Ligand code: PLZ
């Protein structure tokens, strides 16, 4: 192991380096311990055990340095152990670690909320409160919408993912692995079609109009718009396979919500904080949600999530009606402030757009000559490939290609309702040479060259 790797962060050598097979002997030993101590329900994408990470690499217990196209599922957008995050968290951990914001408050929580009120789409008056996870944010957004409207029904979309708690698991579309055997589910959740251009039966050009018409018709006929508290939607479906709804779909759903007093909740847990080449993915079509849920990229890996929304909605809840012991923990708030500074000072919104251009141009060229690539899509540093059986749209599982990448030291993730999507979420601070090297490994794995 090289001497410079005693700490994580961007000072880690930014290189792919394989010194053992993947996983190496030390990781295999640790994985055996994992298997006897942790239930199999907690899966493993790639069984290498991490000791350091930073910039665009993850270093394992055997000294291998892998190119990171996952960011811990879109979390470490500013990089692992990002300097501004480390500095603030280290100071905070020495000052105080917890008081519970509901017992005795502290400034950093308020500052994070002020920043989110200012940065999220729309210039109306907003409020924010902080929780611990994406699921908790979505669950709380629905609580607020129900309280504010006095209605109960919630509308969600095909291919949607919103979490693993009882309500958010119910909001999630895919049965296996998220819901299988975990019922009964929460009541008053209704699912409608999503405008999925690649798989729309009458073709992508009709997708936005037809999907919106079907969704709205189902809401009107099966639920009754006047019973709907909220529509919950990801502006790009993440776990569902990086599905960008056909342009025009989101504005039509928003317009329907506005006309019927339905709270439009954008789940930006995966798409938020510069990931898509905008600070928030809703900005792409000028969508101003009533409530926006954020998590993941907000705090560089510390557990934090936020619910931001119209003041009149959030203020409708009685004193003490919202909260939790750890929500907005001081370490996580300091981390979030470090993340926001980093995004601004390192121009990471522009950087995400650049990563998207590099990835899309190489992957679209590859699509011309590799017949298992059905679709290349996404925005910014949130790009995916949908695999198909050549000459058809039948899903081709992505696991085998992902395993080839892993063996070569490129960490990629899979996704998709049909498990046939390879998704790429590099840290936005990844150097260009590593990005290009990662793409070359991917090209080789896909083309069999
Ligand atoms: N909403 C859009 O992407 C989390 C799930 C990983 P939590 N996605 C990663 C897994 O398999 O559990 C996610 C998301 C969207 C909500 C969530 C939930 O966020 O922080 O995992 O609760």
- P(r) tail for the chain, what percent of Cα pairs lie past 34 Å? 32
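Counting DSSP beta bridges with both partners in the chain, what percentage is antiparallel, nearest 5? Write out the running numbers ahead of the final one.
Numbers: 33 of 49 bridges.
Close to 65 percent.
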- Message: Using the basic label-point model (7 angstrom from Cα toward the beta carbon), what is the residue 182 to residue 393 distance in nanometres?
- Response: 2.9
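Suppose the chain between residue 50 and residue 175 were pulled fully straight at 0.36 nm per residue; how much longer would it get relative to their current alpha carbon spacing? Let's see the in-between values first.
Working: separation 125, 0.36 × 125 = 45.00 nm, distance 3.03 nm.
42.0 nm is the gain from fully extending residue 50 to residue 175.
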- Message: Residues of the range 268-310 with the amide nitrogen closer than 20 Å to a label point 7 Å from the Cα of residue 90, along Cα-to-Cβ, please.
- Response: 299-303
- At what distance in angstrom do the alpha carbon centres of the range 310-351 and the range 158-181 lie from each other? 25
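On full extension of the chain, what length is gained from residue 165 through residue 19, given 0.36 nm per residue of separation minus the C-alpha to C-alpha distance? Numbers along the way, then the final one.
Numbers: separation 146, 0.36 × 146 = 52.56 nm, distance 4.03 nm.
Result: 48.5 nm gained on full extension.
Shape of the range 85-345 from its Cα gyration tensor (a ≥ b ≥ c, root eigenvalues): rounded if a/c is under 1.5, otherwise prolate when a/b > b/c, or oblate? Could the numbers behind the result be given before it?
Working: a/c = 1.81, a/b = 1.59, b/c = 1.14.
In terms of gyration-tensor shape, prolate.
What fraction of the DSSP beta bridges in the range 85-345 is antiparallel, stated in percent and rounded to the nearest 5? Don't skip to the end; give the middle numbers.
Numbers: 11 of 25 bridges.
Percent antiparallel among DSSP bridges in the range 85-345 is about 45.
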- Please give, to one decimal in nm, the separation of the simple spin-label points placed at residue 447 and residue 107, each 7 Å out from Cα toward the Cβ. 5.6
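Compute the Kirkwood hydrodynamic radius of the range 59-128, taking the inverse of the mean of 1/r over all pairs of distinct Cα atoms, and give it in Å to one decimal.
Values: mean 1/r = 0.0644 Å⁻¹.
Answer for the range 59-128: a Kirkwood hydrodynamic radius of 15.5 Å.
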- Query: Say we join alpha carbon atoms closer than 10 Å with springs in a Gaussian network model of the chain; which of 426, 204, 83 then has the biggest fluctuation?
  - Reply: 204
- Message: Run the paramagnetic zone check for residue 223: 7 angstrom along Cα to Cβ, then residues of the range 159-178 with backbone nitrogen under 19 Å.
- Response: 159-175
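Once every DSSP H run of n ≥ 4 in the chain is given -39500 (n - 2.57) and the sum is divided by its residues, what mean residue ellipticity at 222 nm do you get, rounded to the nearest 500 deg cm²/dmol? Write down the numbers at each step before the final one.
Details: 13 runs with 158 residues, N = 449.
Calculated at 222 nm, the ellipticity per residue is -11000 deg cm²/dmol.
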- GNM of the chain, Cα pairs under 10 angstrom: of 35, 222, 345, the biggest fluctuation goes to 35
- With a point put 7 Å past each Cα toward its Cβ, work out how far residue 124 is from residue 283 in nm, to one decimal. 2.0
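Each value in this text was obtained by applying a stated rule to the coordinates, not by laboratory testing. Here the structure is a predicted model, which means the values were calculated and not measured. Virtual Cβ from ideal backbone geometry, glycine too; neighbours counted across all protein chains shown.
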